[in-house]
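Undergrad: Sending over a structure as C-alpha cells; questions will come in a sec.
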C-alpha cells in the first residue's frame, strides 16, 4: 500500500525535487551539503561539483578556517577548537578529481554541561523555540544545528570555491568591519583588516577593545555591520528572473546565523537618492559610480560587487531575562558558558566564503550555458 503524501499537491501530480528540501545543501552545480551539530563529534561538508584538476590540499582550506576559528582573542568565545580540517575524498595526488570532496572538522572542546540548566528553557532571540515547535525535539548543547559552529564547514567549502575563482578568474573577495555596536569604524586601508581581531580596516582598534571589554563584563552583547567586496568579477553572471545574482547573494547572506539585514550597492540609501544620482552612468571609459553594487538586472556588470550585512546582538547572554519553558510556564533564563559578545567579529571570513560559493556556482552555470 502506498502511503498518502503529507503534501496535498503531490496528489495532483506536482513532483517535488527533494535534493534540498531540508535546507542543508547550497548550489546547483557547485553543491555543498553541510552537516553536524555544535557539540556533536564532528562538523563538516560534502562538495559535489568541484571542477577536476584544481590543486588542493588541507593548507589551502586551513588558512581560511584559522581566520574564523574561536578562541583567537579575548573578544570572542573562548571555546578552544583547532578546526583542523581533513580531506577524506575527492583529491588525489594534490588535485581535485571531479568527484565529491568530503571535509571533516572534529569538535574537540565542547562543554555540554554548560547547557544542562537551559535544556527546557527558551533563550530569547535564539532558535530554541522555533526548532522545538518545528521538530518536537531540539539539541540544547550549544544550540545544536543552529549554532555558529556550523559556519566552519561553510568556510571550508568557501575556501575551495575562492581558490578556484582566484586561480581561474583572478576574483578577489574581502570582507571587513564597518561598525561594532555603537562604534563606527573609519576606513583607512584594507591592509589593516587581517592585522587586528576585529577585521577592521584601521590601525588603531583600542577603542573597540575597550568597548567590548566593558560589554563582556556587563554580561550583554551587541551587533555589527560588515561589508564584503568581490573584485574582478566578469560581466554576465546571474540569471533572470528568479536566479538573479543579487537575489542569490542576499539569500545566502541572510542564511548566516544572526544576519538581519543585507544591502547591495547603495541599498537603503537609494530611497533618498534621485534617479539622476542613483543610475550609474556609463562612459567610453567605464562606469562613473557603483550605486548598483556591481549587479544590474540581476546580472553582474563587471564592477565590484559590494554587499553590506547587519548582524544582530548575540542571543546567549548572562543577564537574567524572562522566558517560558517547554511546558509553557513562565521562567527566568541566564545563559552561562562561552559566547561571543559580538558574533559579527568572526563573520568576515564567513561572508567571504558565502560570496565565493555563490560566485563559483554562477560562474559554472554561465560556463555551461554561454561558452562560445
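A short reminder: the numbers here are calculations on the coordinates, not readings from a lab. These numbers were taken from a predicted model, which means no experiment stands behind them. Using ideal geometry, Cβ is built from the backbone for each residue, glycine included, and neighbour counts are taken over all protein chains shown.
Undergrad: So what's segment 69-224 giving for Rg/Rh, alpha carbon basis, Kirkwood Rh from the mean inverse pair distance?
TA: Details: Rg = 19.2 Å, Rh = 18.9 Å.
When Rh is taken as the Kirkwood radius, the ratio is 1.01.
Undergrad: Can you tell me how segment 170-263 classifies by the Cα gyration tensor, rounded, prolate or oblate, using a/c under 1.5 as the rounded cut? Present the calculation step by step, with values, prior to reporting the outcome.
TA: On the way: a/c = 3.67, a/b = 1.67, b/c = 2.20.
Oblate, since a/c reaches 1.5 and b/c is not below a/b.
Undergrad: To continue, here is another question. When the convex hull of the C-alpha atoms of segment 153-310 is computed, what volume per residue in Å³ does it have?
TA: On the way: hull volume 24.3 nm³, N = 158.
About 154 Å³ per residue, rounded to a whole number.
Undergrad: Only one of the values (1) -0.92, -1.03, -1.15, -1.28; (2) -1.00, -1.15, -1.30, -1.43; (3) -0.79, -0.92, -1.06, -1.20 was calculated from this structure for log10 I(q)/I(0) by the Debye sum over Cα atoms at q = 0.12, 0.13, 0.14, 0.15 Å⁻¹; name its label.
TA: So the calculated entry is the one marked (2).
Undergrad: Additional query: What is the diffusion coefficient of segment 87-168 in µm²/s, taking the Kirkwood radius over Cα pairs and the Stokes-Einstein relation at 20 °C with a viscosity of 1.002 mPa s?
TA: Values: Rh = 15.6 Å.
In µm²/s, the coefficient rounds to 137.
Undergrad: Okay, moving on. State, to one decimal in nm, how far the label point of residue 288 lies from the label point of residue 273, with both points 7 Å from Cα in the Cβ direction.
TA: Between residue 288 and residue 273, the label points sit 1.3 nm apart.
Undergrad: Expressed in nm to one decimal, what extension gain is obtained for the pair residue 329 and residue 109 from 0.36 nm per residue of sequence separation less their Cα-Cα distance? Mind dumping the intermediate values first?
TA: Details: separation 220, 0.36 × 220 = 79.20 nm, distance 3.29 nm.
So the extension gain works out to 75.9 nm.
Undergrad: What percent does the relative contact order of the chain come to when contacts are Cα pairs within less than 8 Å and at least six residues apart? Display every interim value, and only then the final one.
TA: Details: 744 pairs, mean separation 75.9, N = 372.
Reported as a whole number, the value is 20 percent.
Undergrad: Taking the mean number of other Cβ atoms within 10 Å as a proxy for protection, how do you rank 284-297, 243-256 from highest to lowest? All intermediate terms of the calculation are to be shown ahead of the outcome.
TA: Details: 284-297: 15.4, 243-256: 18.8.
Order by mean packing, descending: 243-256, 284-297.
Undergrad: While we're looking at this one, here's another question. Once the piece of chain linking residue 120 and residue 242 is laid out straight, how much longer is it, given 0.36 nm per residue of separation minus the C-alpha distance between them? Each step should come with its number before you reach the end.
TA: Working: separation 122, 0.36 × 122 = 43.92 nm, distance 4.06 nm.
Once the chain is fully extended between residue 120 and residue 242, it gains 39.9 nm.
Undergrad: If you don't mind, another one. With n ≥ 4 as the cut-off for DSSP H runs, can you work out [θ] at 222 nm for the chain, using -39500 (n - 2.57) per run divided by the number of residues, rounded to the nearest 500?
TA: Details: 7 runs with 88 residues, N = 372.
Estimated from H runs of four or more residues: -7500 deg cm²/dmol.
Undergrad: Same structure, new question: For a footprinting-style exposure proxy, rank 239, 329, 119 by other Cβ within 10 Å, fewest first. Show your work: numbers first, answer last.
TA: On the way: 239 17, 329 10, 119 13.
Arranged by neighbour count, lowest to highest, 239, 329, 119 become 329, 119, 239.
Undergrad: How many nm is it between the label spots at residue 52 and residue 84, if each spot is 7 Å from the Cα in line with the beta carbon?
TA: 3.2 nm
Undergrad: Going 7 Å from the Cα of residue 370 toward and past its Cβ, which residues in segment 225-244 have a backbone nitrogen under 16 Å from where you end up?
TA: Of the residues in segment 225-244, 232-244 have backbone N under 16 Å from the label point off residue 370.
Undergrad: Additional query: Taking R0 as 51 Å, what FRET efficiency do you get between residue 204 and residue 24 from their Cβ-Cβ distance, rounded to the nearest 0.05? Before the final figure, lay out the partial values.
TA: Details: r = 42 Å, r/R0 = 0.82.
After rounding, the FRET efficiency stands at 0.75.
Undergrad: What nm value, rounded to one decimal, do you get for the distance between residue 254 and residue 134 when each label is placed 7 Å out toward the C-beta?
TA: The two pseudo-label positions are separated by 1.4 nm.
Undergrad: Also, I was wondering about something else. Once the Cα atoms of segment 208-263 are picked out, what are the Rg and Dmax in Å?
TA: 17.0, 50
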